[in-house]
Amino acid sequence: MHTFDASRIYIALDTSSVEQARAFVRELAPTGVGFKVGMQLFYQSGPAFVKELTAQGLQVFLDLKFHDIPNTVAGAVQSIGELGAAICNVHVAGGLEMMKRARQAADALAQRAGKRPQVIGVTQLTSTSREMMNEEVGIPGDVQDVVIRYALLAQTAGLDGVVASGHEVRGIREACGDDFVTVIPGIRLAANDSALIHDQKRVMTPHEAFQEGAHAIVIGRAVTQAAEPRATVEQILAAL
């Protein structure tokens, strides 16, 4: 029986308390999982905490969702690339040139430092419904169709993959191939866990996401708000 690669799971450290984040890392790092640092924690702790994690050899997904003019995004990728994160992301809605420049900045890091973060594109947030996308944002069509179109655009720009909901993974792999990375947030642990998800609409379980073909998943409150976070992660790994 093959052991599941725990580094394909990123635990979201969605807290503004660095001490709380450190406590989660101390508890969960022995399981082999990676960690996602998003805006809430990054804006509180700055780059120092990311360096603290990568210095321990931990996998970090730096989730800052860059969306700006191409030159600014290229500079941002260059800056955060030096922190040693395994993954960073940009909004596909920023366009082809912006994504190309992000990838070029990552490649320049690889030439200079010998490694670079994977750069992935945010397609549609898991909080996005069809009604919101059509009526508020003004993008016509079905969410899945838009996500696949965005994934193809990200691939054309040279990005390593995309962030999408688990419901779109199969379509993305069919359109972009099996090597195009899919990172899936909006993970719940069971069908009745919707109370933990709050604002996320397009969700699925870890088993479902990997069965659909996800390369990596992000789990947040379902682990960090559990009574025993480490036991919860170990149960997830055992089930996978």
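The values are calculated or read from the model by the stated rules, or taken from the named source; none is laboratory data. Fair warning: this is a prediction, and the values are worked out from it, not measured in the lab. Cβ atoms come from the backbone with ideal geometry, glycine included; neighbour counts cover every protein chain shown.
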Residue pairs qualifying under the 8 Å Cβ cut-off, at least six apart or on distinct chains, with the first in segment 215-240 being within 13 Å of Ser7 (Cα to Cα) and the second being buried (at least 16 other Cβ atoms within 10 Å of the Cβ) and basic (Lys, Arg), are His215/Arg8; Ala216/Arg8; Ile217/Arg8; Val218/Lys36
Taking segment 9-23 and keeping residues surrounded by fewer than 19 Cβ atoms within 10 Å (Cβ to Cβ) and part of a helix (DSSP H, G or I) leaves Val18, Glu19, Gln20, Arg22, Ala23
Picked from segment 24-36 (must be within 20 Å of Lys65 (Cβ to Cβ) and out of contact with any Asp or Glu (no Cβ under 7 Å at 6 or more places or on another chain)), the residue surrounded by the fewest Cβ atoms within 10 Å (Cβ to Cβ) is Gly34
Given (1) assigned to a helix (DSSP H, G or I); (2) in contact with a helix residue (DSSP H, G or I) (Cβ under 8 Å, 6 or more places away or on another chain); (3) modelled with pLDDT of 95 or more, Ala85 misses just (1)
* Asked: Quick check, is Thr3 of a type in the set (S, T, N, Q), outside any helix (DSSP H, G or I) and either surrounded by fewer than 15 Cβ atoms within 10 Å (Cβ to Cβ) or modelled with pLDDT under 95 (or both)?
  -> yes
Within segment 122-154, of all residues that are touching a Gly at 6+ places or on another chain (Cβ under 6 Å) and modelled with pLDDT of 95 or more, the one nearest to Gly166 (Cα to Cα) is Ile148
In segment 53-77, anything surrounded by fewer than 17 Cβ atoms within 10 Å (Cβ to Cβ), assigned to a helix (DSSP H, G or I) and not hydroxyl-bearing (Ser, Thr, Tyr) is listed as Ala55, Asn71, Gly75
